Every structure is written in structure tokens, then in C-alpha cells.
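Some notes on the structure that comes next.
The values are calculated or read from the model by the stated rules, or taken from the named source; none is laboratory data. Everything numeric here is computed off the predicted structure, so don't read it as measured data. FYI the Cβ positions are ideal-geometry reconstructions off the backbone, even for glycines, and counts take in every protein chain you see. For accessibility, only protein heavy atoms count, side chains too; no ligands or nucleic acids. Shrake-Rupley method; radii C 1.70, N 1.55, O 1.52, S 1.80 Å.
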Amino acid sequence: MEWLTENKIPVGDVAETAFDWLQINGAFFFDAMSDFLEALIDGILWVLQTPHPLVVVLAFTALTYFLQRSWKPALLTFFGFLFILNQDYWEETTESLTLVLSACVVCMGIGVPIGIAAAHRPRLYAAMRPVLDLMQTLPTFVYLIPAIVFFGIGLVPGLIATVIFVLPAPIRLTHLGVSSTPQPLLEAAQAFGATGRQTLWKVELPYAFPQIMAGLNQTIMLSLSMVVIAALVGADGLGVPVVRALNQVNTSLGFESGFIIVVVAIVLDRMLRVEKK
């Protein structure tokens, strides 16, 4: 078996060469992307941290009631955020929410159009499927290496790693929703003279809306699962106390910060859940 290992395929060397080439020749692109993402992060962070915490809590409560038309999830949101304030994790929570919301903006902005295009082009989706599988199965720590190389440390590399890991979810669910539109609906739209764009906006997207919202929900949940990993590259938020608790073997701090992440996940899930009627 020595002959097999002696003729090793240079996967790592090829990857390193590719990243070195990108770092040298794509500096302008990565700098521009970093500036855009930093502006997005700073804007969301300003919105969440500038007002009084109770104002933000009431805004999230009102948004939950508007989306769900029920007082139960709104009350859950209100008491969930009050619990976070009680535990003195408000700043860390807003930083993690900034990472999650930024990931949602980027992933849904990229994933939904790609999902629509893939639903209309089966060959495109067949070619994309192995790439999507690779993005979700490759260990997330691997994404941190090129993220640090291209963007340094902070929230931006954490956001990039999160987007790469999360992006397949909205693509797959948007593709599922659009491609499963019943054929009789499409034929009826065509019979009434609808153009391709009108069919998309008035038939396919409304029918796929629950799946797209499920993609948004999955984007949020998967982004929250990355907050601890993002903390390893200098991203602030709820991952920082978790990492600190791990380093110090601090059970109290670990359970405190971990439970806050669970509360945030439950609140966001109930806020954006679309119930089938």
C-alpha cells in the first residue's frame, strides 16, 4: 500500500495554491465585500443597540404579533427577551442577532434567486447538487481558514463561514417550493395569457411562499448554530461566553450562555413559523 500513499493526490496543495492566487489577485474584490458586510453589520448593530433595550423588546413583540396574528407567540417573545435582560446577556444577544440577521439578508438575497433559477432549469440544479452537498457536509471549521485569510478576524469572517454553511438551505427549499407548483395552476396562468414573469410572481412564488419561509427559518436556526464557531475567529456574541466557559471548564457560565442561545432560537422560530392551514 506504500505506492498508493507515495502517489498522493495533492488536494491540500492545490487548495492552498488556489487560495494564495485568490488572495493576491482578488484583493480588491474581497476588500469591497468586507466593506459592504461591515457596513451591513454596523447598521444592524446600531439599530439593535442604540435604542433602550425595552424599546427593542417591544418592537420584536409587535413584529411577532403582526406576523403571527396571535398573542401567544408575542407573549413568548416578550418574556423570552425579558429573561435575556434578566440574565444580563443583552449585548451579546444583539451581537449574535446581528450575525444571524446579516446571514439572513445575504443568504436569502442570494439563495432565493438561485433556487428559482434552479427550479426552472433542472440541469442547473443537477450540477449544483454536489456543490450544495459539499457546502453542508464539509466541517465548518474548514471554512474559517480561508475566511481568516481573506477577511482577517471579527464578525465578517464569521459571517462568511456562516453564509457558506447556511446558503444551501434557502436554495433547496426555494427550489422545492417553486418546482412543486401544480401543473394545472401553471396551465391556467398560461391560458389567461400570463407572461413568464407574471407566472413567477403571481403563481409560483405565492405557492412556494411557505417553503421560502421555511428556508428563512432554517437559515436562522443554522446561523444560530454557528455563533460558537464564529466566536473562534473573533466574532462577538453569545459564542464568546460559551468558548470562555469551555476554556475555564465553567459549568455555570456554559449553561447560562447555552440556555440563552436556546431561548433566542425558540423566540425566532415562533416569530417566523408559518402554520399550514
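The ellipsoid that matches the Cα gyration tensor of the range 76-204 has semi-axes, each √(5λ) in whole angstrom, of 36, 22, 11, with the longest given first. Once both labels are positioned 7 Å from their Cα atoms along Cα-to-Cβ, the gap between N7 and L134 label points is 2.3 nm. Its Cα gyration tensor gives the chain an equivalent ellipsoid, and the semi-axes of that ellipsoid, as √(5λ) in whole Å with the largest first, are 32, 31, 17.
Residues S102, S70, S252 ordered from highest to lowest accessible area at a 1.4 Å probe: S252, S70, S102.
Annotation for I153 and L75: the two label points, set 7 Å from Cα along the Cα-Cβ direction, are 4.6 nm apart.
Dimensions of the range 139-277 from C-alpha coordinates, computed as largest minus smallest value along each principal axis and given longest first, are 67, 37, 19 Å.
For the range 12-55, the residues whose backbone nitrogen is under 20 Å from a point 7 Å from the Cα of E91, taken along Cα to Cβ, are 41-55.
What does the charge add up to near Q218, with Lys and Arg as +1, Asp and Glu as -1, over the other residues with Cβ less than 13 Å from its Cβ? Summing Lys/Arg as +1 and Asp/Glu as -1 gives +1. For the range 158-185, the residues whose backbone nitrogen is under 17 Å from a point 7 Å from the Cα of Q198, taken along Cα to Cβ, are 185. At q = 0.11, 0.19, 0.28 Å⁻¹, what is the base-10 log of I(q)/I(0) for the range 207-277 according to the Debye formula with one equal point scatterer per Cα and no solvent? Please give it to two decimals. The calculated log intensity ratios at q = 0.11, 0.19, 0.28 Å⁻¹ are -0.35, -0.76, -1.19. Pair-distance distribution P(r) for the range 1-113, from all Cα-Cα distances in 10 Å bins starting at 0: 12, 25, 25, 14, 14, 7, 3 percent.
Sort all Cα-Cα distances of the range 7-50 into consecutive 5 angstrom bins from zero, then give the percent of pairs in each bin up to the one containing the longest distance. The distribution over the range 7-50 is 5, 19, 13, 13, 12, 11, 10, 8, 5, 2, 1, 0, given as percents.
In this view, the solvent-accessible surface of D236, computed with a 1.4 Å probe and all protein chains in place, comes to about 90 Å².
Summary of packing: across the peptides 204-213, 118-127, the per-residue average of other C-beta atoms within 10 Å ranks them, highest first, as 204-213, 118-127. Computed from the C-beta positions of W21 and M221 and an R0 of 35 Å, the FRET efficiency is 0.50 to the nearest 0.05.
Here is the size of the range 65-145 from its Cα atoms: Rg then Dmax, 18.6, 52 Å. Take every Cα pair under 8 Å whose residues are at least 6 apart in sequence, average their separation, divide by the length of the range 143-277, and the relative contact order is 29 percent. In this entry, the range 37-80 is assigned a mean projected area of 3.5 nm², taken as a quarter of its C-alpha convex hull surface.
To put it simply, the accessible area of the range 1-114 at a 1.4 Å probe is 69 percent carbon and sulfur.
Accessible surface calculations at 1.4 Å, restricted to protein heavy atoms, place the chain at 57 Å² per residue.
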